[in-house]
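Each remark here refers to the structure printed beneath this line.
Any read-out appearing in this document is the output of simple, stated calculations on the displayed coordinates, not a laboratory observation. These numbers come from a predicted model, not from an experiment. Cβ placement follows ideal geometry from the backbone for every residue including glycine, while neighbour counts extend to all protein chains displayed.
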Amino acid sequence: MQGRLYQHYRDIQRYIGWDESDEQNILLLLPKLIPHTPDLISDFYNEIGKHPNASQSITGGEEQILRLKKTLEQWFRELLRGPYNEEYVSKRWKIGNTHVESGVDQIYLIASVSRMRWKLSEIVVEEFGEENHCCSRLMDSLNKLLDLDLAIIEDSYQAERVVRTQIADRLESERSLQIREARLAAIVNTTVDGIITIDEMGTIETFNPAAERIFGYRAEETIGQNVAMLMPDPYTQEHDAYLSSYRETGVEKIIGKGREVKGLTKDGRIFDMELSVSEVTVDDRRFFTGIVRDISERKRTEEKLLQSERLAAIGKAMTGLAHESRNALQRSQANLEMLIRRVQHQPEAIDLTNRIQIAQDDLHRLYEEVREYASPIRLSFQICDVGKLIREAWNNLSIRRNGRVIDFQEQEHPSEGRRIPRLKCQADPFAMQRVFRNVLENTLAACEDPVEIEIHYTSKIIRNVPSLEIRIADNGPGFDSEVRERIFEEFFTTKTHGTGLGMAICKRYVEAHQGTIDANSGESGCAEIIMTLPEKIS
Amino acid sequence: MTESLKIAVADDEVEMRDYLRETLSLLGHHVICVADNGRQLVERCSCEQPELVITDIKMPELDGIDAAGQICKDNPIPVILISAYHDHELLERAVLEHVLAYLVKPIKQADLEIAIGLVMRRFKEFQALHQQADDLRQALEDRKQIERAKSVLMKRAGLDEADAFRRLQKISNDKNQKMIEIARMIITAEEAMQ
């Protein structure tokens with residue numbers, strides 16, 4: 001620093017033409033000026049006192065001023081005496097720096113040197129006489145000396161400005177680093193994706209809150225552990241091998257690509273997750289960041305979609321099949337009837353043909369049920385008496401009821417604002433009759449004699465819509481919880497016969513009427529099918 | 001026992017043709033034609049004059065609905081369709097061609113028996129209604145002619161309306177011809193005079 005500073009000083013000396021004659025002039029001035037020192041100093045501080053901006057750094061009162069006066073006195077003596085060597089320059093620079101540190105505005109320093117210059121020139125004129133030709137030369141030398149001092153002070157101010165800028169820059173970059181870190185932390189802490197970093201040995205270094213949620217571990221339970229703890233077999237074993245193979249060969253298996261893998265939660269549940277891994281090298285240390293997303297829900301949806309696509313395809317095939325089956329069944333029926341005519345005098349053969357007929361009718365019904373379920377619903381709504389529809393459905397079951405002991409009753413219940421329920425609903429009579437027939441058919445199949453069937457009607461307001469609730473209760477064994485949950489599923493059946501579509505068709509029809517259908521176990525454990533139908537289709 | 005009908009049938013499947021022939025005969029009808037496609041059915045019907053057509057829909061060459069349309073174009077006869085299909089489009093086409101019954105396969109003898117009975121009854125009712133409508137239309141037309149003849153008589157013979165009508169009646173009685181015929185003659189004569 002000093003080296004540079006002194007060189008700088010010398011350079012300026014040369015620039016302003018400071019030479020030995022100037023030093024001699026100063027030596028000439030020295031004895032004349034020193035006696036004026038006290039006056040100069042008191043003038044200096046008097047003037048500072050008048051300018052609050054200049055004196056604001058003087059906070060120590062008279063005591064400080066006294067001290068400062070001594071410093072100034074010394075500064076003045078050294079100014080005149082020299083020697084103007086490296087030590088001198090260094091000392092002057094420190095004085096400048098003291099001013100910088102105590103916050104004196106540079107402009108007041110320049111101003112005070114200027115005032116000093118003016119006072120000194122007065123003294124010089126006074127001592128040597130204005131006409132004296134050497135007077136101006138002496139003054140020139142004195143001015144050069146003062147300018148050189150100002151140059152040193154300026155340097156210290158400049159140095160301070162550089163430092164200040166550097167500090168400001170560093171603060172600024174620290175601040176933006178902090179902001180970036182905070183932002184990153186916020187992202188890492190709030191993202192729904194699990195973010196896990198591991199070192200190249202597979203040891204977990206960070207574990208974000210989403211990862212905690214996904215895997216069920218708290219971060220502190222995982223940090224320092226091998227990441228294999230988050231994987232089910234066989235990944236657990238294979239992961240270390242992956243890592244070491246990657247360390248040795250650099251062949252990437254997963255890095256940079258996302259892929260679906262299995263994850264293992266703390267409670268031992270294996271789930272589908274999407275994992276993408278990226279590699280980061282910091283100070284020659286290699287890290288891997290894994291981003292984990294729990295996709296079990298998506299997987300389930302995909303599977304459901306696949307299932308429903310499969311069902312749709314089956315449905316389409318079945319519709320075609322059911323249609324084509326009619327032709328085949330017709331041929332069979334035609335031949336069967338002709339056969340019956342030819343064997344009508346052979347009782348044994350007639351018995352067999354009758355059985356064929358029954359089997360064929362069953363087959364026909366099954367095909368029709370599948371076709372009905374698979375084909376689009378076409379409903380035409382009209383105002384129907386639901387009670388009448390149920391009784392018609394019941395009458396149509398007369399063949400099935402043959403020989404059974406059955407008590408069939410209907411009850412109308414009062415409800416809020418209605419003494420008797422309103423049985424008239426907007427419905428497709430054929431579809432709803434089909435629904436009631438299916439439900440009643442199931443009831444007959446499930447119950448042993450004597451069967452008791454009760455139909456309860458109640459008017460209700462459901463989601464602001466005036467509706468009719470129809471409860472069909474029997475005295476059968478009721479539904480167990482699995483049946484209750486799955487009864488409306490396609491191909492679910494408890495009977496040994498049937499397609500398992502009957503109740504699914506019911507649900508489809510009822511929902512097409514904007515109604516609901518549920519299976520329940522009634523008070524005495526018996527079965528109850530509860531339907532609601534809106535009075536009007538919206 | 002229903003009356004014996006002359007019936008034309010068509011189906012592209014041999015079992016159905018055999019079955020319909022045998023079953024309809026058993027029901028006392030006379031199967032006058034058994035076709036295996038629509039075109040054959042139309043050709044045979046144009047010379048055989050059946051009283052009822054029973055046909056499958058989906059057949060080669062010409063389908064049952066189009067065949068029914070062609071058969072009934074000039075001389076309407078009742079048609080029963082029997083099909084494995086019953087989609088909306090087919091039903092609409094069937095309605096347009098005045099088909100009276102539509103049976104969905106597989107059918108049994110009883111289905112046929114009931115359908116034939118119903119269809120023939122309905123067809124006769126339709127025919128009666130058509131006849132009635134024709135008669136009414138004719139009566140209305142005749143009345144217009146008689147009115148014109150009356151006005152000719154009123155103008156030429158200077159008669160009032162009642163006398164003109166009586167004159168017409170008298171001529172009809174004297175000549176032993178229908179009043180409408182006398183009216184036509186008068187109108188023709190009037191046209192000749194002008």
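With contacts taken as Cα pairs under 8 Å and at least 6 residues apart, segment A:2-167 reaches a relative contact order of 38 percent.
Taking Cα centre as origin and charging only the Cβ of basic (Lys, Arg, +1) and acidic (Asp, Glu, -1) residues, the dipole magnitude of the protein assembly as shown rounds to 2740 debye. Taking all Cα pairs closer than 8 Å and separated by 6 or more residues, the relative contact order of chain B comes to 13 percent.
Taking a Cβ cut-off of under 10 Å around A:Arg508, the surrounding Lys, Arg, Asp and Glu residues balance to a net charge of -2, with basic ones at +1 and acidic ones at -1.
If you take all other residues with their beta carbon under 14 Å from the beta carbon of B:Gly28, and give Lys and Arg +1 and Asp and Glu -1, the sum is -2. The residue list A:Gly525, A:Gly417, A:Ala446 was ranked by how far each Cα lies along the charge dipole of segment A:382-534 toward its positive end, using unit charges on Cβ atoms, and A:Gly417 comes out on top.
So what's the back-of-envelope 222 nm ellipticity for the protein assembly as shown, counting only DSSP H runs of four-plus at -39500 (n - 2.57) apiece and dividing by all residues, rounded to 500?
Numbers: 25 runs with 435 residues, N = 732.
About -20000 deg cm²/dmol.
When the listed pairs A:Lys388/B:Lys124; A:Lys50/A:Lys91; A:Lys32/A:Lys69; A:Lys262/A:Lys304; A:Lys69/A:Lys94 are checked against a 24 Å cut-off, the alpha-carbon distance exceeds it for A:Lys388/B:Lys124; A:Lys50/A:Lys91.
Along the charge dipole of segment A:299-374, pointing to its positive end and built from +1/-1 on Cβ of Lys, Arg, Asp and Glu, which listed residue (A:Ala349, A:Ser308, A:Met318) has its Cα farthest out? Positive-most Cα among the choices belongs to A:Ser308.
By counting other Cβ atoms within 10 Å of each Cβ, how are B:Glu13, A:Glu248 ranked from fewest to most?
Numbers: B:Glu13 17, A:Glu248 8.
In increasing order of surrounding Cβ atoms, one gets A:Glu248, B:Glu13.
Within segment A:37-119, the trypsin sites (Lys or Arg not before Pro) that combine a DSSP coil assignment with at most 12 other C-beta atoms in a 10 angstrom radius are A:Lys50. When only Cα pairs below 8 angstrom with a gap of at least 6 residues are kept, chain A shows a relative contact order of 8 percent.
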